[in-house]
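Contents: one structure, followed by commentary.
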């Protein structure tokens, strides 16, 4: 022990000596360490003066990996920022900061570009039915236009933005034209290759084929039906709990009954298919090209850029095409008058979005599949005549699908398309009245038109549509949704800066903001099918279409605000702000709300006794803030809705009563932290603690049905979020040619429901198949997963029914998990040697739970290897009990009475020959709740920058070549055959998986040229 201690001490002393020694030759300046950051309203501030937490991300870290949604590249780069991608083409990325604040409202951060907020709309899916993840609109930003990202974490940091920034803000500064004698041209071109990670897709058992067990009537082998005196697989079944494979056994299978099939009219060997559903996925190629031109001088500057991104996804007949045009300009009209302009126009279209939910195609592969079905046969049968030649047919005479379409028919005929056209821009004028007073006027606009449609071809399996007002199952059909969303902001800000004395400085501002938000949506669909095949229009409806669902809303927020910052001796800083908002979404008597903030910081490295120490920068900070929040429009007055249930318009009252007495939500936030930088920025630590309480939550709570409604909007409840953050930066080695840098980010935000309305103990956030719900439960952590559980004796043993040999289960109100992680973090290594740079990032998430409907059903239907094993008797578990099959579930049975129980080990063997012994047939929902922890190699990149000496005689000013890998390796996970990060969509409802796409590994090659 003494030897070990001495060795550790030696390492510590050696490391300290190396860092101290390096300090003598390091040229980092204190100004570089403290820095200047862009804060709320686009105001630049010295980092040392801030009493709240911020963290910056460099442009090079955002553009390193080509992506269609730059927010995914923020994963692991900021402590407390949780990034989760859905994995769908054009799909959403869930972005939350420091946990959750609103139980049913928006918990996403505010995105701000060059001082103006941008819309980040998305679809939050909270049921297990078919639904479309429409993506989030912040993906429209071209990452090549970003100069820097600064994340404002606390409410004090974002109070000036009002309620929209209650969850924090991500401040984006775009690249500008630089002073230059020539026209600067930057070109970036990349190609990306993606393939599925087979660890995140099912591995199928290879012993048994189609069916649900015995009882089909073929005398020699009851696992089959009889056809012409020979065995026939049960064509209409969608499970793999059938007969054992035997290559010498000839069986009539579905291909024998489809004219034109290579096997038409004949029996084929009873073997597992050579090509399972993993063979359906294609290799995805994405091409991302961006070019910009810029120039500047003492009077004016400009920058114009164009981005084109296009490529296919892993599903056949899926692709994304995107074009973005962006420009900004600055012109000094006079020495004290400057105008600035920013504008971007983006078009994006996708084909083949994968619907999520229970009956999605991935659910077919993960839950209800026959392992004797060959995917190449399904492909060939579809392209033979482009008809729905499914493996899951009614019977030999009626080959229409019973439960599942041919996957290729579904992809090429029943697909979803969407398109978005967006324009965003802002114009500002800055006027220096004097050297101390500045006036800023700014107007900004952001808006987009969005269209999504879904088609279902004639010949399809009748099913619900993913979008639109259509009801019931549709044998064919068409649905379309058109949306328009716009937001305008008008700002006026007056700023005063002055050195009051030699040691006291003051910065103060007052301003006003007018925010106008408009939303329009028109959703229509056919009813009862299509009259003319292949004509996709609502007017081609076989029955009278249901009335369209139209929403047309507007909300105005009128705000005034002020802020004052005092600095003393360049060491002590105090700041206060206050904002008053008036929201038209609230009733007249409650629509005015105020919220203040106060923060302080102290630069301890300026203290005399620390000036000559290894600590070259140190700061202590603390802040307190109150942020108000309103609600969506149309939550005050009750209204009638229209329906066409019987073909005639009928009007009905809203089932959730509105409330004319609503008040604004309020979030009270407290944080404290310390920032320490040692050895000329070679070692840095930023530690923070935070807590926020959001009260008067705007919730739709159940009320007595005698009131005429099922629920009513009310102001009730409180949710507390608290945790710690750590950001560590270390440069262990630094020489003239070689540098090794290490960044670590860690956070453990946790949100808990501390108060609900009197008599209310739970709010259901999402309700899903399997009897599973995601909840906000009183005195529990937010995101409680509830469902059926095992029943336990006093010693914690699972109780089994003596009669059935299966587990006793509780009702579906048992707590079986929680969607929140215990903590998450990342480690980023950066190594550079001369012109060669290498970096890699490992992300870690510890804790949290996720329920898998795929395992719930897929194990029951016998898809997975876990349902095929040798039992305790040394026999195949799927043998009959007479042949030594079956299994004994571990647990205890009660041989006494309910009043006086006597528990003994279970000895009853259950039959596993037929559909009965696995999955939901034998276990409660809690069996399929998995630890959501993971360790991932998120990113690895190697870049070579061409030495300047090779470019001296060319017109090229700089050139670099990069090879990048993303999601290369899931080092550790617990959920089988899936990625623990995959889910339904962005939003509050996480912790539930069904029909998810497999994760892809992506390798990209990038070339950057500067002219």
Exercise for review: Can you tell me the FRET efficiency between residue 421 and residue 592 if r is taken as the Cβ-Cβ distance and R0 is 35 Å, rounded to the nearest 0.05?
Suggested key: 0.45
Review point. Hey, can you rank 603-610, 262-269, 476-483 by average C-beta count inside 10 Å, highest first?
Key: 476-483, 603-610, 262-269
Revision key, fill the gap. For residue 198 and residue 490, extending 7 Å from Cα along the Cα-Cβ vector and measuring point to point gives, in nm, a value of 6.3 nm
Exercise for review: Could you please state, rounded to a whole Å, how far the C-alpha centre of the stretch 264-313 is from the C-alpha centre of the stretch 442-521?
Suggested key: 26 Å
Point to revise | Cα principal axis extents for the stretch 81-234, largest first, Å | key: 87, 46, 22
**Study point:** Crossing angle, helix 375-385 versus the chain [Cα axis fit, 0-90 degrees, rounded to tens]
**Key:** 80 degrees
Point to revise | Spin-label model distance (nm) - residue 580 vs residue 451, 7 Å beyond Cα toward Cβ | key: 4.6 nm
Point to revise | Label-point separation, residue 306 to residue 804 (7 Å along Cα→Cβ), nm | key: 6.6 nm
Review point. Regarding the stretch 861-1011, what is the average projected area of its C-alpha convex hull, in nm²?
Key: 16.5 nm²
Practice item. For an R0 of 60 angstrom, estimate the FRET efficiency from the Cβ-Cβ distance between residue 738 and residue 637 and round to the nearest 0.05. Key: 0.30
Exercise for review: Compare the peptides 75-81, 788-794 by average per-residue count of other Cβ atoms within 10 angstrom and give them in order, highest first.
Suggested key: 75-81, 788-794
Point to revise | For the stretch 786-855, diffusion coefficient by Stokes-Einstein and Kirkwood Rh (Cα), 37 °C, 0.692 mPa s, µm²/s | key: 199 µm²/s
Study note, to complete from the structure: Taking the alpha-carbon centre of each part, the distance from the stretch 785-815 to the stretch 369-426 in Å is 40 Å
Check your understanding: Can you work out the FRET efficiency for the pair residue 325 and residue 829, with r the C-beta to C-beta distance and R0 = 30 Å, to the nearest 0.05?
Key -> 0.25
Check your understanding: Length gain on complete extension for the stretch residue 345 to residue 532, per 0.36 nm per residue less the alpha carbon to alpha carbon distance?
Key -> 63.5 nm
Review point. Helix-derived [θ] at 222 nm for the chain: sum -39500 (n - 2.57) over DSSP H runs of at least 4, divide by residue count, nearest 500?
Key: -2000 deg cm²/dmol
Check your understanding: Given the C-alpha centroids of the stretch 863-934 and the stretch 165-187, what is the distance between them in whole angstrom?
Key -> 61 Å
Revision key, fill the gap. For residue 398, placing the label point 7 angstrom along Cα-to-beta-carbon and taking the stretch 218-233, residues whose amide nitrogen sits under 19 Å are 225-227, 233
Revision key, fill the gap. Expressed to two decimals, the stretch 829-868 has a Cα Rg over Rh, using the Kirkwood radius, of 1.44
Review point. According to the Kirkwood expression over distinct Cα-Cα pairs, how big is the hydrodynamic radius of the stretch 310-409, in Å?
Key: 17.8 Å
Check your understanding: Between the helical axis of 2-23 and the dominant principal axis of the chain, each derived from Cα atoms, what acute angle in degrees is found, rounded to the nearest 10?
Key -> 50 degrees
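Run through the DSSP bridge list for the chain and note the antiparallel percent, rounded to the nearest 5.
Taking every DSSP beta bridge within the chain, about 95 percent pair in antiparallel fashion.
Where does the stretch 577-722 land on the Kirkwood hydrodynamic radius, alpha-carbon pairs, in angstrom?
When all Cα pairs of the stretch 577-722 are included, the Kirkwood radius is 19.4 Å.
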Review point. Over the chain, what is the relative contact order in whole percent, taking alpha-carbon pairs under 8 Å and six or more residues apart?
Key: 13 percent
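With viscosity set to 0.890 mPa s and temperature to 25 °C, compute the Stokes-Einstein D of the chain, Rh being the Kirkwood radius across alpha carbon pairs; µm²/s, no decimals. Could the numbers behind the result be given before it?
On the way: Rh = 31.5 Å.
Answer, rounded: 78 µm²/s.
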Point to revise | Added length on full extension, which subtracts the Cα-Cα distance from 0.36 nm per residue, residue 754 to residue 969 | key: 73.5 nm
Review point. At q = 0.14, 0.16, 0.18 Å⁻¹, what is the log10 ratio I(q)/I(0) for the stretch 215-340, with the Debye formula run over Cα points and no solvent?
Key: -0.81, -0.90, -0.99
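Read-outs: derived from the displayed coordinates by stated rules, not from any lab. From a predicted model like this one, the values you see are computed outputs, not experimental measurements. Quick reminder, even Gly has a Cβ in these numbers, built from the backbone with ideal geometry, and neighbours come from all protein chains shown.
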